[in-house]
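Below is one structure, written out as structure tokens, with a few remarks after it.
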């Protein structure tokens with residue numbers, strides 16, 4: 001009988017646990033762009049609604065305005081997701097703040113807006129993507145200041161261990177490690193993984209390698225992990241892709257549809 005009571009208690013804890021509730025097959029689910037296929041991407045509202053459905057991991061994209069403020073936006077041009085036109089890097093913070101998303105009319109947040117929402121939620125994990133690959137908008141001499149601004153703001157407003165820095169831009173990854181060698185970084189690639197890519201990620205001090213699920217063979221997935229790197233496969237938009245990511249040992253599942261994947265339909269959009 002005591003054994004049965006213990007088993008029942010364990011089951012109750014599993015049902016109530018917010019961490020387990022935001023996992024898929026034991027792997028942490030990350031809401032890509034705050035859940036970009038379920039809500040207006042890269043908005044505090046998207047993150048809030050995902051959080052209320054038990055999601056505890058988030059990926060967001062960060063750019064810098066003309067007057068030096070960091071804001072959430074995936075594309076350089078604001079026209080795909082908002083009613084405005086123009087490039088983020090050529091706009092002021094006031095101009096970006098006046099924009100509204102075309103879906104639900106949500107504002108485009110600054111990173112301070114996002115971090116203020118999350119700062120009292122120590123059980124979350126934020127993946128901060130540094131959108132600095134355009135060398136015209138982000139020349140070499142500006143990379144360090146961008147990275148320091150992002151690093152210092154996260155350090156000031158977020159609990160330790162609740163965020164990491166990721167990028168396709170090797171310059172930004174290197175700069176983060178010059179600023180803070182203990183920061184966790186993730187190497188993003190749109191190409192199939194190679195031995196050279198694994199070596200470069202290690203040389204940059206990265207802890208994770210994110211590669212396309214469609215072009216990553218099982219052998220390379222194993223090599224990534226044997227090299228001491230966490231594995232992330234993307235995009236994850238179907239259950240079978242999530243199942244494969246779990247099977248191959250992915251450390252996270254970064255998906256545009258986290259609520260759907262976890263059986264918690266978002267509805268409304």
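The values are calculated or read from the model by the stated rules, or taken from the named source; none is laboratory data. Computed from a predicted model, the values in this text were never measured in an experiment. Neighbour counts are summed over all protein chains in view; Cβ atoms, including those assigned to glycine, are modelled from backbone coordinates with ideal geometry.
Within segment 205-256, being crowded, with 16+ Cβ neighbours inside 10 Å and either free of Cβ contacts under 8 Å to residues at least 12 places away in the same chain or closer than 21 Å to residue 175 by Cα (or both) holds for 205, 206, 207, 208, 209, 210, 229, 230.
Candidates 153, 85, 133, 92: the one that is surrounded by fewer than 16 Cβ atoms within 10 Å (Cβ to Cβ) and under 20 Å from residue 186 (Cα atoms) is 133. Screening 184, 165 for residues that are in contact with a strand residue (DSSP E or B) (Cβ under 8 Å, 6 or more places away or on another chain) and crowded, with 21+ Cβ neighbours inside 10 Å leaves exactly one candidate, 165.
On the stretch given as segment 187-196, residues that are surrounded by fewer than 19 Cβ atoms within 10 Å (Cβ to Cβ) and touching a residue at least 12 places away in the same chain (Cβ under 8 Å) total 6. Inspection of segment 35-43 finds no residue satisfying the criterion of being part of a helix (DSSP H, G or I) and at pLDDT 95 or above.
Scanning segment 144-160 finds one or more residues that are within 23 Å of residue 53 (Cα to Cα), outside any helix (DSSP H, G or I) and out of contact with any helix residue (DSSP H, G or I) (no Cβ under 6 Å at 6 or more places or on another chain). Of the residues in segment 167-181, at least one is farther than 24 Å from residue 254 by Cβ and touching a helix residue (DSSP H, G or I) at 6+ places or on another chain (Cβ under 8 Å). Whether any residue in segment 107-124 is assigned to a strand (DSSP E or B) and either closer than 19 Å to residue 204 by Cβ or in contact (Cβ under 8 Å) with a residue 12 or more places away in the chain (or both) is what I want to check. Yes; the residues of segment 107-124 include at least one that is assigned to a strand (DSSP E or B) and either closer than 19 Å to residue 204 by Cβ or in contact (Cβ under 8 Å) with a residue 12 or more places away in the chain (or both).
Restricting attention to segment 105-118, does a residue exist that is farther than 20 Å from residue 65 by Cα and either touching a helix residue (DSSP H, G or I) at 6+ places or on another chain (Cβ under 6 Å) or surrounded by 21 or more Cβ atoms within 10 Å (Cβ to Cβ) (or both)? Yes, segment 105-118 contains a residue that is farther than 20 Å from residue 65 by Cα and either touching a helix residue (DSSP H, G or I) at 6+ places or on another chain (Cβ under 6 Å) or surrounded by 21 or more Cβ atoms within 10 Å (Cβ to Cβ) (or both). Whether any residue in segment 148-162 is touching a strand residue (DSSP E or B) at 6+ places or on another chain (Cβ under 9 Å) and over 25 Å from residue 204 (Cβ atoms) is what I want to check. Within segment 148-162, not a single residue is touching a strand residue (DSSP E or B) at 6+ places or on another chain (Cβ under 9 Å) and over 25 Å from residue 204 (Cβ atoms). Among the residues making up segment 67-82, those that are surrounded by 15 or more Cβ atoms within 10 Å (Cβ to Cβ) and in a loop (DSSP other than H, G, I, E, B) are 69, 73, 74, 75, 76, 78, 81.
All told, residue 233 meets the bar of being modelled with pLDDT of 95 or more and within 16 Å of residue 30 (Cβ to Cβ). Answer with yes or no whether residue 253 is more than 26 Å from residue 139 (Cα to Cα) and not in a helix (DSSP H, G or I). So residue 253 passes the test.
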